[in-house]
Amino acid sequence: MNLNFTQKLTRTAVLLTVTLVLQGLRIILPMPPQTGMFIIGSLVNTCLVLAVLLIGWKPAVIVACMTPLFAWLEGMLPFLPFIIPVAVGNIVFVTAVFLFRPYHLTGWVLAVCLKCVSLCGAFYLLFSIMDFPPFIRASIFLMMSWPQLVTASMGILLALAIAERIQKRYY
């Protein structure tokens with residue numbers, strides 16, 4: 001897949017827009033926070049993986065960095081410093097997907113685990129530097145632990161199915 005600059009830029013913009021619209025569904029669709037975390041998280045991870053598979057690593061990193069910024073603007077991340085650990089987790093995820101995609105299932109599992117570990121680790125570092133109330137720390141650690149395994153796994157499965165259909169039709 002050789003895309004020129006304009007094609008990459010356009011596809012990145014379209015995929016970023018789709019990702020941000022899907023992420024913004026939390027605002028307009030009434031759903032319990034736990035349900036929203038699994039549904040929206042899976043959809044966002046799908047877009048991150050699609051960015052890697054259909055456009056490339058660098059565009060995927062752009063999408064990975066923009067999603068937590070917009071999550072903060074939407075009020076889904078309660079504190080500005082939370083943008084950095086989420087961006088780190090997303091970057092680790094798209095990088096792992098990019099590097100380990102030739103290994104198929106083993107690579108996907110490794111990418112999912114690395115996302116979870118990097119998110120927990122990044123928040124652990126943030127909480128060691130900055131003081132947050134205990135209930136915030138506990139709820140963030142819960143959201144950034146095993147649910148990330150589920151949402152990243154679902155994101156990969158959905159992205160693989162979508163990418164296969166897109167590649168058959170347009171590539």
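Nothing in this text is a laboratory measurement; each read-out follows from the coordinates by a stated rule. Everything numeric here is computed off the predicted structure, so don't read it as measured data. FYI the Cβ positions are ideal-geometry reconstructions off the backbone, even for glycines, and counts take in every protein chain you see.
Pairs are defined by a Cβ separation below 7 Å, a sequence spacing of at least 6 or placement on different chains, a first member in segment 104-123 that is of a type in the set (S, T, N, Q), and a second member that is surrounded by 22 or more Cβ atoms within 10 Å (Cβ to Cβ) and assigned to a helix (DSSP H, G or I); the pairs so defined are SER118/GLY89.
Kindly indicate which of ILE156, ILE162 is hydrophobic (A, V, I, L, M, F, W, C), in a helix (DSSP H, G or I) and surrounded by fewer than 17 Cβ atoms within 10 Å (Cβ to Cβ).
Exactly one of ILE156, ILE162 is hydrophobic (A, V, I, L, M, F, W, C), in a helix (DSSP H, G or I) and surrounded by fewer than 17 Cβ atoms within 10 Å (Cβ to Cβ), namely ILE162.
Evaluated against (1) surrounded by 18 or more Cβ atoms within 10 Å (Cβ to Cβ); (2) farther than 28 Å from ILE27 by Cα, ARG101 falls short on exactly one condition, (1). Residues in segment 38-57: is at least one under 18 Å from SER139 (Cβ atoms), part of a helix (DSSP H, G or I), touching a residue at least 60 places away in the same chain (Cβ under 8 Å) and in contact with a helix residue (DSSP H, G or I) (Cβ under 8 Å, 6 or more places away or on another chain)? There is at least one residue in segment 38-57 that is under 18 Å from SER139 (Cβ atoms), part of a helix (DSSP H, G or I), touching a residue at least 60 places away in the same chain (Cβ under 8 Å) and in contact with a helix residue (DSSP H, G or I) (Cβ under 8 Å, 6 or more places away or on another chain).
Test ILE136 against the criterion of being surrounded by fewer than 16 Cβ atoms within 10 Å (Cβ to Cβ), over 16 Å from the mean Cα position of the chain (by Cα), under 23 Å from PHE70 (Cβ atoms) and of a type outside the set (D, E, K, R), and give yes or no. Considered against the rule, which asks whether it is surrounded by fewer than 16 Cβ atoms within 10 Å (Cβ to Cβ), over 16 Å from the mean Cα position of the chain (by Cα), under 23 Å from PHE70 (Cβ atoms) and of a type outside the set (D, E, K, R), ILE136 comes out as yes.
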